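What follows is one structure encoded as structure tokens, with my remarks underneath.
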Amino acid sequence: MRLTKKNITHYLLDKGFLEPSSFMSGDYLLTQTQSRNSIFKIQQQAHGLFVKQLVAQDSTNSYLMQKDATSHYLIHQSDLYKETANHIPDYYGYDPYHNILVTEYFANTKNVHEVTYRDKKLSKEHAVKMGHILASFHFDITEKIKDNSSLQFFSKQIPWVLNTGQLLNANPNGITNTVISEIHKHQDLVQKIEKVAAQWETTSLIHGDIKWMNFIVMPNNEDVKLVDWEIADLGDPLWDVAGVFQSYFSAWVLSFNNQNIQQHQQIQGNEFLSVESITPVVKLLWNTYAEKQEFTPAESKKKLLKSLSYMSIRMIQTAFENNVAQKQLHPNSVRILQFCNHILGNAEGIAKQWNLID
């Protein structure tokens, strides 16, 4: 069954996701978008529905959909994640036969990325909220897995970009992506990536795709929700923290004119993005997270440096994605690689320079 604008209402009514009274009263606004999935957004006065169905019925996309559904079910049904449940969409149901997931839809909202560029400033309040949200589900569940079938569903896969060094060594002549080719030219960078990969720990539920775009700012501009859990897994919680860091520093690196790397001039309107404006907000986010996690000062320092290293690897992934099927490196991808190599070479020195640690 393929959902369309014509049949989705009947499907939702039949499954009990939609009350007949709301449809009959006209309290019903439906929109559809198409990407890798068919997305339907139903806006109602009482609540909204976000309906997602796979377009390509292959095993990979099906698994991603199942992870999204499992994450929502786990967080809302398990006593482990009572606090986190307040920070994500409500879960209404998953139809495995038709690969359809139904969750809460937040109408009239923007994500942190959109709000940041709209307001031309970095919100300290949103940074604090993001730190609290991540800390709410970042805890050791190693002993809980054997008694929780939802936790057992996850495959504990290490992010592919952390295997970059192995990829290069295994198949150096088959590389087509320009970023990977560039990394291959610098074996010292490969070794740095491998060193970071060796620090990976599988201890916690992680979102896996943390970025500004997946944090939704509610209409009151105070509450923040975390969406899109299809990359969720069991892994290293600091990978998620690094995702937030990446959003800040990638925004800065990508704010420069992509036409001439030598000019080092920012695109008009992006001048609010600078290391000087970013680092205090990142520090606030980290301090919020570390306090919630009850890290000792020594633990906080060690984990912050690890998060910065992870951030560098995640930024390399961004550069990779920006250069798919490109014959030459984009100037901003060159900037990313230089920036990341700098951090990986001296994370502690950079953290002190940015006043993130004493």
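No lab work stands behind these numbers, since they all come straight from the coordinates. Remember, it's a predicted structure, so these values are computed and weren't measured experimentally. Cβ placement follows ideal geometry from the backbone for every residue including glycine, while neighbour counts extend to all protein chains displayed.
Across the options 91, 139, 317, the greatest Cα extent toward the positive end of the charge dipole of the chain (unit charges at beta carbon of Lys, Arg, Asp, Glu) belongs to 317. What separates the Cα centres of the range 199-239 and the range 31-54 is a distance of 21 Å.
With q set to 0.19, 0.22 Å⁻¹, the log10 of I(q)/I(0) for the range 26-137, from the Debye formula over equal scatterers at the Cα positions, is -1.17, -1.26. Hull volume per residue, based on the alpha-carbon atoms of the range 175-301 and their convex hull, is 186 Å³. Relative to the current alpha-carbon distance between residue 5 and residue 292, full extension at 0.36 nm per residue lengthens the span by 98.9 nm. What residue among 126, 72, 184 has the largest mean-square fluctuation in a Gaussian network model of the chain, using Cα springs under 10 Å? Looking only at 126, 72, 184, the largest GNM fluctuation is found for 184. With the convex hull drawn over the C-alpha atoms of the chain, the volume per residue is 160 Å³. Here the gap between residue 188 and residue 218, fully extended at 0.36 nm per residue and compared with their Cα-Cα distance, gives a gain of 6.4 nm. Distance between the modelled labels on residue 302 and residue 32, one decimal in nanometres: 5.4 nm (7 Å Cα→Cβ projection).
For a paramagnetic label modelled at 7 Å from the Cα of residue 140 toward its Cβ, which residues of the range 204-224 fall within the zone defined by backbone nitrogen distances under 14 Å? Answer for the range 204-224: 204-205.
Annotation for the range 133-166: trypsin sites (Lys or Arg not before Pro) lying in DSSP loop with at most 12 further Cβ atoms inside 10 Å of their Cβ are 156. Counting other Cβ atoms within 10 Å, keep those with at most 13, restrict to DSSP loop, and tell me which GluC sites (Glu not before Pro) in the range 73-151 are left. Those satisfying the criteria are 143. Here the calculated FRET efficiency for residue 195 and residue 90, from their Cβ-Cβ distance with R0 = 45 Å, stands at 0.60, rounded to the nearest 0.05. Using only Cα atoms, tell me the angle between helix 124-137 and the longest principal axis of the chain; keep it within 0 to 90° and round to the nearest 10. The answer is roughly 70 degrees. Extension gain, residue 114 to residue 59: 0.36 nm times the residue separation minus the Cα-Cα distance gives 16.5 nm. Within straight cross-link reach of residue 67, meaning Cα distance under 14 Å, which aspartates and glutamates are found once same-chain residues fewer than 8 apart are removed? Hits, sequence-local ones excluded: 95, 209, 228, 230, 233.
Over all directions, what mean area does the Cα convex hull of the range 58-202 project, stated in square nanometres? Result: 13.0 nm².
Straight Cα distances below 20 angstrom link residue 15 to the lysines 5, 6, 41, 52, with same-chain residues fewer than 8 positions distant left out.
Applying both filters, DSSP loop and at most 11 other Cβ atoms within 10 Å, to the trypsin sites (Lys or Arg not before Pro) of the range 1-97 gives 2, 5, 6.
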